[in-house]
Amino acid sequence: MTTAALNLIDVTKIFQKGRGKTAAVDSISLNVKQGEMVVFLGPSGCGKTTTLRMIAGFELPSSGRILIDGADMTNVPVNKRGIGFVFQNYALFPHMSVYSNVAYGLRSRKEPEGIIRQKVHNALELVGLANAGERYPNQLSGGEQQRVALARVLVMEPKLLLMDEPLSNLDAKLRIYMRTEIRRIQKKLGITCLYVTHDQSEALTMADRIVVMNRGYVEQMGSPFDIYAQPASLFVADFIGQANILRVTVDSVEQDTASVSLPSGWRHSAKMIGSSKIRSGKEAALVVRPENLHIEALPVPEGQGKSNAPFNLLKATVRAVVFMGGHIEYHLDLGTTGKGIAFMPFQSGVHVFQEGDKVQAIIDPDTSLILPSE
Amino acid sequence: MPKDRQIKAQRASVIRKDPALFLAIVTIWLSLAVFILLPLVKLLGATFIVKGSFSFANLTKIIGKPYNQRALFNSIYLAAAVSAAGTLIGYLFALSITRTSWPRPVKWLLGSITILPLISPPFTSSISLTLTLGPNGILLRALGLGNLNFYGFWGTFLSETLTYFPVAFMLLSAILSTMDTNLDDAALSLGASKGRMFRTVTLPLSMPGIANSILLLFGSSLADFATPLILGGHNFPILPTQAYLQITGLYDLKGGSSLSFLLIIPALLVFLFQRYLIGKKSYVTITGKSGARSEFSKLPRWLEITTAVVCFIISIFILYLYFIILQGSFVKVWSVDNSFTLEHFKYVFTNGKKAIFDTLKIAITSTVLGSLLSIVIGYIIQRKKFLSRRILEFSSMLNYALPGTVVGIAYILAFNEKPFLLTGTMTILVAAYIFRYYATGIRSVVASLQQIDPSLEEASASLGANSTKTLFRITVPLIIPSVLAGMRYLFIHCMTAISATIFLVSVRWTLLTTRILESMTELQFSQASAFSIVLIVLVFLADALMLSLMKLSTRKIGAVQENIYDNSGA
């Protein structure tokens, strides 16, 4: 049996806030496998950075234990933990050259200068900055500074690589480039990595596993696919990707599906998550991703032959049409049910609805979910 | 279980956890107790203890005299006038440098002229004002104002305003130049005229700086001793000079102490109010995220013209005053025998040689020791948490807040007898200077530590460096420029201050400033001028040296602070 690279056992951090105490992190437990990339995702103030800083040793947990490679590190000072930390603002030492920055940790370890030179060279090469050694941090662009910060940490061959929103100061294009770059290096070195971000697309593209946090709690833990396709709570559904959330009434509950309806008479059935909280006659939420919400022209003109109106018909009015290139974003008014968004793939020749068009929204039972209201 | 032990060790007192810190705190507290708290307690004792018991007798006796009441009123009245006028002039100068499109050389010249009063001994403007506007003064004669009595409020006010407005200028130009230019752009793009933009954006954002400057100047004027001594005259008594005369003229230590106690109250009020202002978050934000930095919008026309006229007149007047001193030092007897002579300088370099060397020796010693102390105090105040932190910070700044006269009198009281018999020694002079003027050093160390992102130190720790290595490899190199800035201030003040040390000089240790005062009271204006010139040149050279060291130390880092902000920017 192999020991986990990192174990968090009931880790809690309580901050004194004025007179009251607030739990920034509320008993988190987590096991991270060797070589795994775990991304902490959540809105600001959800405790993800505090968790990372406790793993690093910048903060001490109020209770709970932190094990790295099976060894208890809860109260070990930062400089003895053998972790690597990449800061949001990179924290490059401005008075040292790039070379000295990268060599800093090795020199703390008192490695021979010849070996240091070789290692620094390799590290800089790995991040694609082999010739930047003599330059100073303020002579580098944001992306280059970021890569130096990465090299400075990787050169130490840490047991654990901790990254605190490392890409949030870069522009959009560079961010997308750097996240594949970081993932490439992480996989190549097989290094265990914990990564904090509030950017869900960063989390979805980089992670082996995502930990979604909210107000100090873990909302859901799982692979990017699971998190996206089967959000465990409304918070997760809303935070990851875009979601239409319809307030519905539960008509009947079967094993793992439920039938729901809207006051207008529209009915739908789909898979349930968190079934213990879903009861017939109570409210629930129907969650549909915009790409799973299709719109079509109304089959019959309104007000005629009520009897042959299709059962599964959700009427909507197009409020705005946004062309996004690959798809068209329709903003819909669903009447008393609220608002919605639908993504329709765009190909030349496809019919484009106009603002004010009356349409019907079609929801696929297989790709929609029913969640408890709260 | 090792975990329990570790937790216990964590909770152990400072002594075991960080013995170096504990040692530093104890040493600092001991020195503060001897050189700041003891003198103050002695002063309060001399004021309030009569025949072994607490009493207001000394105080009521002093306040009862109408002449002293006038002194108190005059002190506050003068300080209010000087702080208002000095801040206004300083603001106009700051605007001219940061908000006009005047050619660079003009701005450079304006900046240099304002430095002159900063590096001169406090008498300089008094001497030349006496020569120009005093009895038989050349400007009076030229303007045909033969009998104008210049001594009193107006002379003191004029001289102090010219001496202290550069302080306001430095403070306000720093604030004006760090404002976000995007705010100007935003106001103009929203349709505001330049005048409206100035009224609604620039001026409100300068208010914290203006308030701070008024307080600073109020305190300086309240404490000023040299100017009113020379220009106040008998009809315009103020507290510091009254206290001085009470002690040196009447040998009345209790009366002098009580008078200086009257000074402590407004001085401490100003100090506390200033701390409150600084404690509040400043409006000025340096985000560094604002992409390309555009230029500040220029002043509205009417304001630019006003600024130009005021700056021009004042600059010319200052240059004229310095020219008068220079001229005065080279003539036989001012306005009686105007023939050229070098005899005053010969006198300064023979008879005054001891004063020159004593002054330099004391100033250099104080600067070096004071800077080391300010690094240590600044570092532990900003970066460490311990029980007496706030009180330590407050006590360390106390002598800075008190007027020099008060400190001088308190030092005589404290160090005139065993166990701290220090009168007549160099130690007492050095201590007086250090504990009075290292405050700026502490503040600049604290300020630069605040700007150094703690993540730099965390990065060092996460790369395996221990706290000592982090301190010396990361923290200290980054604060060197601000330490030098503090040294510069300390040195200038050690060379030019007089208010505290006038009580502490002795036959063994004389200072240039006291020699200037002696020459003035003996009406040897030319000698006083020559002493002043020598002092100004010495300070100027030392200042230039310090400045180039600062440039050198920042060059390698490549403007540390900007870099730190850029890092967090896009």
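What does the charge dipole of the protein assembly as shown about its Cα centre add up to, to the nearest 20 debye, if the Cβ of each Lys and Arg holds +1 and the Cβ of each Asp and Glu holds -1?
Details: 87 positive and 59 negative charges, 502 e Å.
Value, rounded to 20: 2420 debye.
Calculate the spin-label point distance for residue B:23 paired with residue B:310, positioning each point 7 Å from the Cα along the beta-carbon direction, and give it in nanometres.
5.4
What's the Cα-based Rg to Rh of the stretch B:39-171, Rh via Kirkwood? Don't skip to the end; give the middle numbers.
Details: Rg = 20.8 Å, Rh = 18.2 Å.
With Rh from the inverse mean 1/r over Cα pairs, Rg/Rh is 1.14.
Sort all Cα-Cα distances of chain A into consecutive 10 angstrom bins from zero, then give the percent of pairs in each bin up to the one containing the longest distance.
5, 20, 24, 21, 15, 10, 4, 1, 0
Please compute, over every Cα-Cα pair in the protein assembly as shown, the percentage with a separation greater than 45 angstrom.
Numbers: 215400 of 445096 pairs.
Summing the P(r) tail past 45 Å for the protein assembly as shown gives 48 percent.
Setting aside same-chain residues fewer than 8 positions from residue B:551, which lysines have a Cα under 21 Å from its Cα?
Once the sequence-local lysines are set aside, what remains near residue B:551 is B:107.
Output wanted: per-residue J couplings in Hz (rounded whole) for the stretch A:234-249, from phi through Karplus 6.51 cos²θ - 1.76 cosθ + 1.60, θ = phi - 60°, x for Gly and Pro.
Result, ordered by residue: 4, 4, 5, 4, 6, 7, 9, x, 9, 8, 8, 10, 9, 7, 10, 9 Hz.
Tabulate in residue order the Karplus-calculated ³J(HN,Hα) for the stretch B:455-461, using 6.51 cos²θ - 1.76 cosθ + 1.60 with θ = phi - 60°, rounded to whole Hz; enter x for Gly and Pro.
5, 5, 6, 5, 4, 4, 5
Would any residue of the stretch B:503-545 have its amide N under 20 Å from a label point 7 Å out along Cα→Cβ of residue B:421? List them or say none.
Only B:504-509 fall inside the zone, counting backbone N under 20 Å.
Can you tell me the FRET efficiency between residue B:338 and residue B:369 if r is taken as the Cβ-Cβ distance and R0 is 30 Å, rounded to the nearest 0.05?
Given R0 = 30 Å and the Cβ-Cβ separation, E is 0.10.
Could you tally the net charge around residue B:366, taking each other residue with its Cβ under 15 Å from the Cβ of residue B:366, Lys/Arg +1 and Asp/Glu -1? Could the numbers behind the result be given before it?
Values: positive: B:361, B:436, B:488; negative: B:358.
Summing Lys and Arg as +1 and Asp and Glu as -1 gives +2.
Any lysines with Cα under 16 Å of the residue A:339 Cα? List them, leaving off those in the same chain fewer than 8 positions away.
A:315, A:358
Using the Cβ atoms and a cut-off under 13 Å, what net charge is assigned to the surroundings of residue A:126, where Lys and Arg are +1 and Asp and Glu are -1?
On the way: positive: A:119, A:147, A:152, A:184, A:187, A:188; negative: A:125, A:157, A:181.
After counting each charged neighbour, the total is +3.
What do you get for Rg/Rh of chain B when both radii come from the Cα atoms and Rh is the Kirkwood radius?
Numbers: Rg = 25.3 Å, Rh = 25.7 Å.
Rg/Rh for chain B comes to 0.99.
Where does the stretch A:6-229 land on Rg/Rh, using Cα atoms and the Kirkwood Rh?
Numbers: Rg = 17.5 Å, Rh = 18.0 Å.
Here the Rg-to-Rh quotient is 0.97.
Below 11 angstrom from the Cβ of residue A:78, what's the summed charge of the other residues (Lys, Arg +1; Asp, Glu -1)?
On the way: positive: A:53, A:80, A:81; negative: A:59, B:457, B:458.
Counting the neighbours of residue A:78, the net charge comes to 0.
Using each residue's phi in the stretch B:488-497, evaluate 6.51 cos²θ - 1.76 cosθ + 1.60 at θ = phi - 60° and report the 3J(HN,Hα) Karplus result to the nearest Hz, with x for Gly and Pro.
My calculation for the stretch B:488-497 gives 4, 4, 4, 5, 4, 5, 5, 6, 10, 6 Hz in order.
With N residues in the stretch A:145-210, what two-decimal value do you get for its Cα radius of gyration over 2.2 N^0.38 Å? Before the final figure, lay out the partial values.
Values: Rg = 11.2 Å, N = 66, 2.2 N^0.38 = 10.8 Å.
For the stretch A:145-210, the normalised Cα radius of gyration comes out at 1.03.
Is there a simple number for the mean count of other chain Cβ atoms within 10 Å of the Cβ of residues in A:105-117, and what is it? Each step should come with its number before you reach the end.
Details: counts 6, 2, 5, 9, 3, 1, 0, 0, 0, 0, 0, 0, 0.
Per residue, the number of nearby Cβ atoms from other chains is 2 on average.
So which aspartates and glutamates pass the test for residue B:332, namely a Cα distance under 16 Å, with those fewer than 8 places away in the same chain ruled out?
Correct list for residue B:332: B:343, B:522.
Would you mind giving the three semi-axes, in whole Å and largest first, of the ellipsoid equivalent to the stretch B:31-102 according to its Cα gyration tensor? Could you put the intermediate results ahead of the total?
Details: eigenvalues 351, 88, 5 Å².
Working through the eigenvalues yields semi-axes of 42, 21, 5 Å.
Quick one: angle between helix A:172-189 and the longest Cα principal axis of chain A, in degrees between 0 and 90, rounded to 10, please.
60
I want to verify a result. In a Gaussian network model of chain A, Cα cutoff 10 Å, which of these has the top mean-square fluctuation: A:53, A:179, A:135?
Per the Cα network of chain A with a 10 Å cutoff, A:135 tops the list.
Based on C-alpha coordinates, I'd like the Rg and Dmax of the stretch A:242-372, in Å.
My reading of the Cα-based Rg and Dmax gives 15.2, 47 Å.
Which cross-chain or sequence-distant (5 or more) residues have an amide H under 5 Å from the amide H of residue A:86, H modelled 1.01 Å from N in plane?
A:162, A:163, A:164
Read the figures in this text as sums done on the coordinates, not as results from a lab. Just so we're clear, the structure is a prediction, and the values are computed from it rather than from any experiment. Glycine also receives a Cβ, built like all others from the backbone with ideal geometry; neighbour counts cover every protein chain displayed.
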